[in-house]
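A short worksheet on the structure shown next.
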Amino acid sequence: MNFSEETIEQLAKDHYGLATTVKSLNGYDELNFLLTTDTNEKYILKISNEDHPLLFLDAQVKIIQHLSKSTLANEFQQFCINTQGEALTKIEADSKIYYVRILNFLEGTFWVEKENKSKELFYNLGSFLGKMDYELRDFSHLAMHRRYTWDVSCASEANNNLKYILDHEKRRIAGYFLLQFDSEVLPLIHTLRHAYIHNDANDYNILVQENQISGLIDFGDMVYTALINNLAIACTYAMLGEKDPLAVTASIVEGYHKSYALTEQEVDLLYYLIAGRLCISVTQSAYNASLDSNNEHHFLTEKPAWELLSQLIRINPLKAQDTFRKACGFTALITDENYADILKSREKNIGRNLSIGYKEKLKITKGALQYLYDDKGRTFVDCVNNPSHVGHCHPVVVRRMQKQIANLNTNTRYLNDTIIEYAEKLTATLPAALSVCYFVNSGSEANDLAIRMSRHFTKQKDIIVLDHAYHGTSTVAMEMSPYKFDSKGGFGKMPWIHKAINPDLYRGPYKYGDENAGEKYATDVKRIIKDLKKEDKAPAVFICETLLGVGGQIPLPKDYLKTAYAHVRAAGGICIADEVQVGFGRIGDHFWGFELQDVVPDIVVLGKPIGNGHPLAAVIVTNEIANAFNNGMEYFNTFGGNPVSMTAGLAVLDVLQDEEMQQHALEVGNHLMDGLKKLMAKYPIISDVRGHGLFIGAEMVKDRVTMEPAVTEIDIIVEKMKEKGFLLSTDGPLHNVLKIKPPMPFNKQNADEMIELLDLALSEL
């Protein structure tokens, strides 16, 4: 029912003896009116319908009456008593029951309207909340025991509304934080102190005068829940729009702790509780938007809430926990450990030649999409870990794997739907001829199997590879990896391995601008075939990455594979496309690297990104090759094709499609390469920028004429970028190519910051 201002004026007069003028106010789910008397006294009149049970309205009366006996009485609205001596007035209109209550008006500026908030004000907010919660420690009311959407302890329920968030990046971030809530907070909720709390100290409910809290209004969200949630909610809204949200929260925590002591456990969970509250907020906004709501209160904090979530994911949770602990005087979590002990243990029990990156070692403790967190509280933008293809701890992938591993994980000797479903979905992304899958555990194992199948099919042994290529760590894979066998400690080239020239348009004999460079480079494959023929041999296989990784992040010249494949097939050989580092939409232009060359391989080898870091790889072949391989000898792989791996693979494919990551890689990759090319125009040390999508290389030289590789300089750049929060690496035969292959959630903001910091690092050389 719509209550007119005239009706409200009469209600106030009849039931409370108040002669007032009335003005309608906005409200979230109740009707609100401002009453003003002739002597300029102000009151707030609220009308609730049957959606607000009488028992809960009674709880609001009782909690304020309880607080009115404390030293904080003046900071809360007091109920006006009606002519019947009661705080609640029951009325009937249009055969419906309503409850009216009138409260006095509190003076002050709403927190959201207060500019230039001081550290003292944040401290005082915490102090005020601590005092309030302390006063309520012996309060109770049955009505506050309720299941409530806005109870932070119920944040997991927000997962149900994630689907209403249409923006892929936002949905991914909210999903990540809800995953962390379920992992870090949910198992501990029952161990926390519980209390009867206000539950909504937001920026529209807190009143401020100077640097003091002058009031807290609206007890409509109160609930019995974990005590720390009251502080978490206040911190959440106080952080909105702040450049340094951690510092803000530290001041609030310090003030609260001085008034009502927190526990270390409560403080350690605060970061995730704040994120949980934000996730409730943004998912509710998305849900309301799906209903075409026109209530502005449904969307008041949507924009700043998303901005804060974006800030939070860039804050190392350990740094947040450490900051909040220090605000309370608790034991710090971050130490100055120099890793001497862990390095000593590693040297004793781990293979000596298992290398560690960077001069100053990193101990990474957690991953979040395109970010990595270390044990020192630092956050890094990951620009190089391409196995975590759709992002570290992507919530969709993790949850589906968790569910499957809790249900079943076994070998492929039993019938299982998941392996068939995955094989069908995976081959649907490939040309029709590539239709039979063999699942293994790594790219190395996949390449090993692909070579075995090729040799079996052709009855030949010789392999043609590209110079500087790398195909894995198994014995066969190492034998066909010049990157390894020609390097320090390498065993040299085996007689059945043949190296074709690297089709490098920057350093090779055929350069950029030569339209026939691809065909010219492919003649070296033809040369090898001719040499083999002189010995009455033929190639079993030609294997080539569809963009060269350790070869220098090099896109293949136009028509290179088309011509090389033709030469190999004419000699009876098999053509393998190594997509271990390239595939699954990373290049943006296409889903698979070989599509750039307009060819269809006989075998495709997949790894790294296929399971988002889970040990999964695949060999996909034609029916003809599969039938030939089925020669009576069983093929069995204990872990290849297990239900958990298949679930991981399916989840990755679904995420790639649902979040349109291929298009994202194209747009962000082009944006990043544009930035790198601008730096190349500014700094002669950058001599070539190349790649597709988020597979990018930037070559560095001391001199553009001599092309002398800038090895020392690029190592300095990588270390400087690490210090600035960006993890990069080097590649190429001469170790002078900046390798950029980030997880796919890497965005334009990350790209812009990377270019800005790389500009600074180059200027410091």
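Brief remarks on what is shown
- Checking V100 against (1) assigned to a strand (DSSP E or B); (2) exposed (fewer than 15 other Cβ atoms within 10 Å of the Cβ), the condition it does not meet: (2)
- Every residue from segment 339-379 that is in a strand (DSSP E or B) and farther than 24 Å from V580 by Cβ: T365, K366, A368, Y371, Y373, D374, T379
- Looking only at residues in segment 582-593 that are crowded, with 24+ Cβ neighbours inside 10 Å, of a type outside the set (A, V, I, L, M) and within 23 Å of the chain's Cα centre (by Cα), the one that is nearest to V384 (Cα to Cα) is R586.
- Strands (runs of 3 or more DSSP E) fully within segment 1-49 counting 3 or more residues that are surrounded by 18 or more Cβ atoms within 10 Å (Cβ to Cβ) and under 45 Å from the mean Cα position of the chain (by Cα): 42-48
- Residue check for A577: surrounded by 24 or more Cβ atoms within 10 Å (Cβ to Cβ), touching a Leu at 6+ places or on another chain (Cβ under 9 Å) and in a strand (DSSP E or B): yes
- Selection count where residues are farther than 15 Å from M132 by Cα, buried (at least 20 other Cβ atoms within 10 Å of the Cβ) and not β-branched (V, I, T), scope segment 208-225: 1
- Criterion: in contact (Cβ under 8 Å) with a residue 24 or more places away in the chain, in contact with a strand residue (DSSP E or B) (Cβ under 8 Å, 6 or more places away or on another chain) and either closer than 19 Å to G607 by Cα or assigned by TED's automatic domain parsing to the domain that holds G572 (or both) - qualifying residue of E445, E479, E515: E445
- Residue check, A286 in contact (Cβ under 8 Å) with a residue 60 or more places away in the chain, within 25 Å of the chain's Cα centre (by Cα) and surrounded by 24 or more Cβ atoms within 10 Å (Cβ to Cβ): no
- Output for segment 285-334, where each listed residue is assigned to a loop (DSSP other than H, G, I, E, B), more than 26 Å from Y256 (Cβ to Cβ) and polar (S, T, N, Q): S293, N294, N295
- Here L67 fulfils each of the conditions (1) closer than 22 Å to Y134 by Cβ; (2) at pLDDT 95 or above; (3) exposed (fewer than 14 other Cβ atoms within 10 Å of the Cβ) apart from (3).
Each row is one residue, and each column tells you yes or no for (1) in the same structural domain as L728 (by TED's automatic domain parsing); (2) in contact with a helix residue (DSSP H, G or I) (Cβ under 8 Å, 6 or more places away or on another chain).
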| residue | (1), (2) |
| --- | --- |
| E296 | no, no |
| P304 | no, no |
| L312 | no, yes |
| T323 | no, yes |
| R352 | yes, no |
| K361 | yes, yes |
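- Subset of segment 556-599 (residues that are aromatic (F, W, Y) and in contact (Cβ under 8 Å) with a residue 60 or more places away in the chain): F584, F591, W592
- Residue in segment 245-258 that is over 27 Å from N26 (Cβ atoms), in contact with a Gly (Cβ under 8 Å, 6 or more places away or on another chain) and among the aromatic types (F, W, Y) present: yes
- Scanning segment 230-238 for residues that are of a type in the set (V, I, T), surrounded by 22 or more Cβ atoms within 10 Å (Cβ to Cβ) and within 19 Å of E307 (Cβ to Cβ) turns up at least one hit.
- M494 being crowded, with 16+ Cβ neighbours inside 10 Å, in contact (Cβ under 8 Å) with a residue 12 or more places away in the chain and out of contact with any Lys or Arg (no Cβ under 8 Å at 6 or more places or on another chain): no
- Annotation: of all residues in segment 404-441 being crowded, with 21+ Cβ neighbours inside 10 Å and part of a loop (DSSP other than H, G, I, E, B), the one that is nearest to the chain's Cα centre (by Cα) is L430.
- Test: residue in segment 265-287 that is in the same structural domain as D133 (by TED's automatic domain parsing) and in contact with a Pro (Cβ under 8 Å, 6 or more places away or on another chain): yes
- Check on G472, surrounded by fewer than 16 Cβ atoms within 10 Å (Cβ to Cβ) and over 23 Å from K533 (Cβ atoms): no
The values are calculated or read from the model by the stated rules, or taken from the named source; none is laboratory data. Remember, predicted model here, so these are calculated numbers, not experimental data. Note: ideal-geometry Cβ built from the backbone for every residue, glycine included; neighbour counts use all protein chains shown.
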